[in-house]
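Presented below is the structure to which this report refers.
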Amino acid sequence: GASANDERVRVRRSRAMRVRFVVACFAVVLASRVACAAEASGAVRADAGGFGSFGPQSSLAVSASERVFEAARLGAVPGSLPPTTFGEDDLFPEDFAFGVASSAFQIEGDGGDRPRSTWDDFSDARGLGDAARQGIRHFEHVEDDIKYMARAGVKHYRLSLSWPRLQNQDGTPNDAGYAFYEKMLDAMQNAGIEPYVTLHHWDLPSAMCSGPSSSETTKRESCPAVDWLDPKSVDQFESYASQAFARLGGRVRFWATLNEPKTVANLGYGVGAHAPGLTSATAPLVAGHNMLLAHAAAVRSYRDSFIEKSPGGGGKISLVTNADWREPSDAANEKDVAAAERAMDEELGWFADPLYFGDYPVSMKQRYGTDLPAFTEAQKASLKGSTDYFALNHYASAYVVDAQPASPANSYLGRPADWAETEVNARGEAIGPTGTCAWLKQAPFGMRKTLNLIKARYGRPATYVTENGLCAGASSGASLDAALDDPERVAYVSGYLKSVLESIDLDDADVRGYFAWSFFDNFEWADGVAQRFGMVHVDHFGEFGGEWTARRPKKSLAAYREFMIGKHSKKSESAVASEMGGFGGVGGFSASAAPASEKGVDERLYQPFAWENGESSAASGGAKLAALGASPLGRRGGPSQPLGASWTEYARESAEDYEREISAEEDARFALAAALEALAKAEHPRGSEAASTLEMGRETLAREGDDRPSPETLLAQAERVLAVAEASSREASEASRSAASREASSASGPSTDTSDASFSAAPSASGDVAAAVSTSEAANGGGAAALDGSVWSLLRPRRDFRAAAVSLGPVWVATFVGVAFGLFLIAIQVSCNLMRKGKRGCGTNEGEVRSLVAVAKGAKDAKSYGGTPAKTV
């Protein structure tokens, strides 16, 4: 009927009106977005930063910075993950432990007449003996190293004890060795650093003549090395562990018995790549079995006799399991999925299942049969529940495919495997970039999946990521600046930390800590010193001058420090400042606030931290442009690339609220560049010293490599340039005024010429570089630049507003047209509504007509619809 049709027509018109309104709003919004985008990418943009901000950036560097960011965004940096951001809500639990890790053999060296280990023997056989005996000379510098860690913000440090250093070959304790570790732990306590101590990190005594079940002679030449293939090693380890608990237990709350027994078994007893260098398909299964029994024996000793000695009487103990992730090559292929599950049975379950269930995974027992030793019921009982927390070392991931039936050809280990690892998945995609060591394929999602598997398989245990890190660094022969610039490590750590946080927030995993491997560049086992995992560069053989093993912080340490000092944890800034002693110290130790002479470290060996200089300057009310401290070993400068190119790269790699420390050298370079710009724009007589000053300043900025100027030199040069600019401008101004005065005296009226330029500059009371610049319309297009003593004022680009108006002209035209079009559509709709209320017609579009013809089938004259009210039957 007519009423029904009228209602349908009214509804259709109402919908059309809403569509027009939405289109109009969209046009307005789109025009505004176009304007914003154009201004953001224009040549007059003040800040090319993105995530977070360093402050205004020189417009000269915008294009280079954006090219760097685009490469990083696309993951174009070889061997690097794309940047990961942490937003305001991406916060770890308040008590989450961010720490660093190392091991005794890799850093201590053989100082203190340490008895030999199996790794000394292995290193000598591989031509790595000298590097192994040196380590990083941690034994000689242990107290300074701990102070250096505290200054870096370290509050949790995972270390290992050297079994050969602590036990004589007759099985008695070595007092000198224990004195060393007592000194270390006391230094950590004084610095407010919590120790996490591993009893054994791969270095077995190369001669052990006595033990609880031993009757050998004590003559060295007949003393065998401790060997995990020998069942006697279980008792030998229990004896050593009990001595360590008795001597050091009062200083340690967190213990671990063994580090990565799977690596020891596979590489040491399987393929001969690690000590003791054996090659066998079945020996790894026996060695791993004895290591598990040794762990159980040590835990039993600790819980029975020594747990009450720990601080607070609540000590914890575990075994450190390493497990990388195995992803099915084709997630839609059930066989590949099952193969990945079997691979994880061995990757994770080989050593974790006995700790929680008392036995090996079923798939391993089926695959290896009698080659895999069996546990007795008593051994199963001693193993089950023998950990107080899950300790996970995780580095990489790999794809696997089904490869049944099981064959030794499927594994580099030479024992049967019914899966095979692949470089790419079924779609031909690599799982991720590699580090400088080919085995480390970066895939942060593997961390989250591994943590979720631990949660599901073992009943949500308290979990600590006890190692995670990347082998990365400049190639041999690179500059010092390149050696300290490690964006790949920054991206790796932030990516994996984000996965850890997701496992906590999204998956409810009970992850309580993360330890970056490693704080220092180490002796990296069979790779010697060729691979670098550290956040502190160690100059092993004095390549960059000065002391051997000199320590210099890399950029990754500054990035990770933000986590260690709590800027990404659920705690207030005041709590962080109080906890860190105000300026990055720990437990009240504030290194940056203390004079250099009171920091207690040898500045010939330890490069100062960049952030300490800035904090010291702020605390003392000193110059805003604090110069970066330099040691006799050399200056820690920025990367050798176009001015400002690194700023956006590192800002974009961080979170939006990620507060970055700024290199004082780069500040000084920008200050000198700004001063030179001011001098170039100041009017000065030809032939004055301004020309030579400009040339000298530009040459200073162009110097690179060993000739690169220090921040102090740059700032002194900036002061000189500004002084010359002031003198030149004053001279030009006086000449202009004299000419104007002469013209006024000879003319009938005062001069109206205002085309002269003036410049004034002077250091502020605090010694900052400060100046005020004003230039004429003719010279500067009406723009003005003020250098008000702030470093950001020095870095702010000079805007030519007339040029800006021209460059943005099309943008404003587009904006005006878009807004006008939107308003036009709205006006049409309002007019239509008014006409309908007056029973007058209002045109409709073709689509609306077609839709309404079908509704008004009974209309006498459908063609008249829209001109006059429709007539219906």
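At-a-glance table
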{"read-out": "Residue within region 373-380 that is of a type in the set (A, V, I, L, M), free of Cβ contacts under 8 Å to residues at least 12 places away in the same chain and within 30 Å of ARG247 (Cα to Cα) present", "value": "yes"}
{"read-out": "Residue in region 275-288 that is under 23 Å from PRO115 (Cα atoms), crowded, with 20+ Cβ neighbours inside 10 Å, of a type outside the set (S, T, N, Q) and within 34 Å of the chain's Cα centre (by Cα) present", "value": "yes"}
{"read-out": "Residue tally, condition on the phi > 0 side of the Ramachandran plot and either of a type in the set (Phe, Trp, Tyr) or surrounded by 21 or more Cβ atoms within 10 Å (Cβ to Cβ) (or both), over region 182-207", "value": "1"}
{"read-out": "Any hit, region 237-259, residues being more than 23 Å from THR466 (Cβ to Cβ), open to solvent by 30 Å² or more (accessible area, probe 1.4 Å) and part of a loop (DSSP other than H, G, I, E, B)", "value": "no"}
{"read-out": "Matching option when the condition is charged (D, E, K, R), open to solvent by 20 Å² or more (accessible area, probe 1.4 Å) and under 19 Å from ALA281 (Cα atoms), among GLU421, GLU429", "value": "GLU421"}
{"read-out": "From ARG532, ARG551, residue being among the charged types (D, E, K, R), in contact with a strand residue (DSSP E or B) (Cβ under 9 Å, 6 or more places away or on another chain) and in a loop (DSSP other than H, G, I, E, B)", "value": "ARG532"}
{"read-out": "First in region 296-310 and over 11 Å from SER242 (Cα atoms), second anywhere and among the basic types (Lys, Arg) and open to solvent by 80 Å² or more (accessible area, probe 1.4 Å), Cβ under 7 Å, 6 or more apart", "value": "SER310/ARG253"}
{"read-out": "Yes/no for TYR458 being among the hydroxyl-bearing types (Ser, Thr, Tyr) and closer than 23 Å to GLN106 by Cβ", "value": "no"}
{"read-out": "Scope region 357-372; condition within 18 Å of ALA281 (Cβ to Cβ) and either crowded, with 17+ Cβ neighbours inside 10 Å or among the aromatic types (Phe, Trp, Tyr) (or both); matching residues", "value": "TYR360, SER363, MET364, ARG367, TYR368, LEU372"}
{"read-out": "Any hit, region 166-181, residues being among the hydrophobic types (A, V, I, L, M, F, W, C), crowded, with 20+ Cβ neighbours inside 10 Å, touching a strand residue (DSSP E or B) at 6+ places or on another chain (Cβ under 8 Å) and assigned to a loop (DSSP other than H, G, I, E, B)", "value": "no"}
{"read-out": "Number of the condition not met by TYR492 [criteria: (1) part of a loop (DSSP other than H, G, I, E, B); (2) at negative phi; (3) under 21 Å from the mean Cα position of the chain (by Cα)]", "value": "(1)"}
{"read-out": "Residue count for region 495-524, restricted to those that are assigned to a loop (DSSP other than H, G, I, E, B), open to solvent by 10 Å² or more (accessible area, probe 1.4 Å) and within 30 Å of ALA132 (Cα to Cα)", "value": "1"}
{"read-out": "Of all residues making up region 128-160, the number that are assigned to a loop (DSSP other than H, G, I, E, B), under 21 Å from LEU204 (Cβ atoms) and open to solvent by 10 Å² or more (accessible area, probe 1.4 Å)", "value": "2"}
{"read-out": "Single match in SER386, SER382, SER397 (criterion: among the hydroxyl-bearing types (Ser, Thr, Tyr) and more than 26 Å from VAL465 (Cβ to Cβ))", "value": "SER382"}
{"read-out": "Whichever residue in region 445-481 is part of a loop (DSSP other than H, G, I, E, B), farther than 25 Å from LEU258 by Cβ and out of contact with any helix residue (DSSP H, G or I) (no Cβ under 6 Å at 6 or more places or on another chain) and, among such residues, is most open to solvent (accessible area, probe 1.4 Å)", "value": "SER476"}
{"read-out": "Criterion (free of Cβ contacts under 8 Å to residues at least 24 places away in the same chain and either buried (at least 23 other Cβ atoms within 10 Å of the Cβ) or within 31 Å of the chain's Cα centre (by Cα) (or both)) met by exactly one of ALA438, ALA398", "value": "ALA438"}
{"read-out": "Boolean, GLY313 is at positive phi and modelled with pLDDT under 95", "value": "yes"}
{"read-out": "Flag if ASP527 is buried (at least 19 other Cβ atoms within 10 Å of the Cβ) and either modelled with pLDDT of 75 or more or touching a helix residue (DSSP H, G or I) at 6+ places or on another chain (Cβ under 6 Å) (or both)", "value": "no"}
{"read-out": "Residue count for region 373-388, restricted to those that are open to solvent by 40 Å² or more (accessible area, probe 1.4 Å) and closer than 24 Å to ARG342 by Cβ", "value": "3"}
{"read-out": "Residue within region 317-336 that is under 32 Å from the mean Cα position of the chain (by Cα), free of Cβ contacts under 8 Å to residues at least 40 places away in the same chain and surrounded by fewer than 23 Cβ atoms within 10 Å (Cβ to Cβ) present", "value": "yes"}
{"read-out": "Among (1) assigned to a loop (DSSP other than H, G, I, E, B); (2) out of contact with any Leu (no Cβ under 7 Å at 6 or more places or on another chain); (3) in contact (Cβ under 8 Å) with a residue 40 or more places away in the chain, the one test that PRO224 misses", "value": "(3)"}
{"read-out": "Residues located in region 194-217, provided they are within 28 Å of GLY249 (Cβ to Cβ) and modelled with pLDDT under 55", "value": "GLY211, PRO212, SER213, SER214"}
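So that you can scan it fast, the table gives a plain yes or no per residue for (1) open to solvent by 10 Å² or more (accessible area, probe 1.4 Å); (2) within 30 Å of VAL142 (Cα to Cα):
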site: SER80; (1), (2): yes, no
site: PRO83; (1), (2): yes, no
site: PHE86; (1), (2): no, no
site: LEU91; (1), (2): yes, no
site: ASP95; (1), (2): yes, yes
site: PHE98; (1), (2): no, yes
site: SER102; (1), (2): no, yes
site: ILE107; (1), (2): no, yes
site: THR118; (1), (2): yes, yes
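The values are calculated or read from the model by the stated rules, or taken from the named source; none is laboratory data. In this text the structure is predicted, and so the values were computed from the model without any measurement. For neighbour counting, all protein chains shown are included, and Cβ atoms are generated from backbone atoms with ideal geometry for every residue, glycine included. Areas reflect the complete protein model, heavy atoms only, side chains present, ligands, DNA and RNA absent. Shrake-Rupley method; radii C 1.70, N 1.55, O 1.52, S 1.80 Å.
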